[in-house]
Amino acid sequence: MSNITVCSRFRPLSSKEKINHGDNVCVHGIDAETFVFKDEKEEDFSFSFDRVFYEKSEQAEVYEFLALPIVRDAVNAINGTIITYGQTGAGKTYSMEGPSILECDEKKQGLLQRAANGLFECIKSTEGAVKHTIKLSMVEIYMEKVRDLFDLSKDNIQIKESRVQGIFLSGVTEIAISDHAEALQILSSGIANRAVGETQMNMASSRSHCIYIFTVQQELAKEKRVKCGKLVLVDLAGSEKVEKTGAEGRVLEEAKTINRSLSALGNVINALTCGSSGKANHIPYRDSKLTRILQDALGGNSRTALLCCCSPSSSDAPESLSTLRFGTRAQHIKASPHARCKEDYTKNHEASHATKYESRERILNKMRERMKLEDVKLLEELFILEGIFFDANSVEELEQAFEDVTMQTISSLHQAVEDLVCTTEELKHENKALKARLAAAERLNGLQTEAVENGNANVLQKISDLLSQFVSWVRSLSAFKMPK
């Protein structure tokens, strides 16, 4: 087993940072792997990673060290994942895409363009392959929904799991690409559909996590095998502090969702690295869509690299320190990826198609034995509508379908509870107001009775004053707007 590769990258100071804070930086490089970081309290912290890319590092350096070995492995049927992580405006999307996916010189091209080109270059040098296919998918996780960026009508793609494929996106669009130039054109169309917004820290801040999936398949005629590997690149949305970004309205809600999913990612990293040795502990992959999709990458079934992007400015020291600590924890994750080959692919593929219908019928027949016919028909329609695939030989698929329905039910119950709490609070406010009015009326009635019995002018004056107060109070109460 090996650890995942973790690197850090510091972007140059922005013009705004230079104007507001001068040329002060919070990082002092020691060598290519170690540096000293100074926080806002002037306290020094030493960090070491597999590689540190400082302000003057070139895009090619990052690709060749971090990504190229994973690209080569993907062609050799070993799944690989590359993740960019850091606060908003730290240079994640620049590292991934460069200034533009299409219109930028070769020197500034990001990991995405170089990886697409690298896949085709590696395939050319592969011996024994008679046919190859590269397919590209692209999704974003926006407000905890997985959206297909090549087909916007697919705005809630379900995450599935099987023994053969591992984690996969059910029904996601896959586009076959024939060369590097075509790949960039297709990527450009998907990126244009991505959710972005303006904040005080970033003119084009990513409002979603973006995931690029290259599936590489090669047929080896002599060995009657098919090699199949996946290369996944993940451009995470940045963590945000509202007081710095000035987010409000819809952008604020997006920021909350982003921060929750990044928190879930941190919890998964902690569970993977802080568990007691020899004892299995629960890993909360299902706490967010992001961690569920990254389950193979973080759980050891993929060769994984993490690029921690940071600002060198002293004004961003707390956020950069948090990013670096995240990277330090991630260094302890163990990985044991293996090649994925299918023996006698044609025969197995045809057999799986032949048994798919039979498997479905066996499951439905078992349901008919214990359930009413109309209930079975309704379930069948719902399963087809949701795109749930059943494999009678895989208990995991049935469990996954059950868990999906369970999670949807829990989510609906949570919403119902929130609505009930809101209604209860409104009723409490109304009840309090009614009690106050009733108490005032009782006091007024008592004073009136006292005035009649005693004929006391002072009591009448008290009544008059109380009536004035009561009228003012009722007017203010009617102007009060209950919180929704």
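The values are calculated or read from the model by the stated rules, or taken from the named source; none is laboratory data. Note that the structure is a prediction, hence the values are computed from the model and not measured. So basically every Cβ, Gly included, is an ideal-geometry build from the backbone, and we count neighbours across all protein chains shown. Note: accessible area is taken over every heavy atom of the protein model, side chains too, but ligands, DNA and RNA are not part of it. Shrake-Rupley method; radii C 1.70, N 1.55, O 1.52, S 1.80 Å.
Quick notes on this one:
- Entries of K108/K160; K92/K160; K92/K230; K92/K135; K107/K256 with Cα pairs more than 30 Å apart: K108/K160; K107/K256
- Solvent-accessible area, 1.4 Å probe, carbon plus sulfur percent, for the range 11-51: 47
- Per-residue SASA entry for L413, accessible area with 1.4 Å probe, Å² rounded to 10: 100
- A 1.4 Å probe, protein heavy atoms only, puts the accessible area of H282 near 150 Å².
- Accessible area per residue for the range 24-69 is 56 Å², calculated with a 1.4 Å probe on protein heavy atoms, without ligands, DNA or RNA.
- Residues of the range 408-449: accessible area per residue with a 1.4 Å probe, Å²: 81
- Per-residue packing, averaged as other Cβ atoms within 10 Å, sorts the ranges 305-312, 33-40, 62-69 into the order 305-312, 62-69, 33-40, beginning with the highest.
- Whether the range 81-175 is rounded, prolate or oblate, judged on the alpha carbon gyration tensor where a/c under 1.5 counts as rounded: oblate
- Residue-count net charge about C104 - beta-carbon cut-off 14 Å; Lys, Arg +1, Asp, Glu -1: -2
- Accessible area (Å², 1.4 Å probe, nearest 10) - L152: 100
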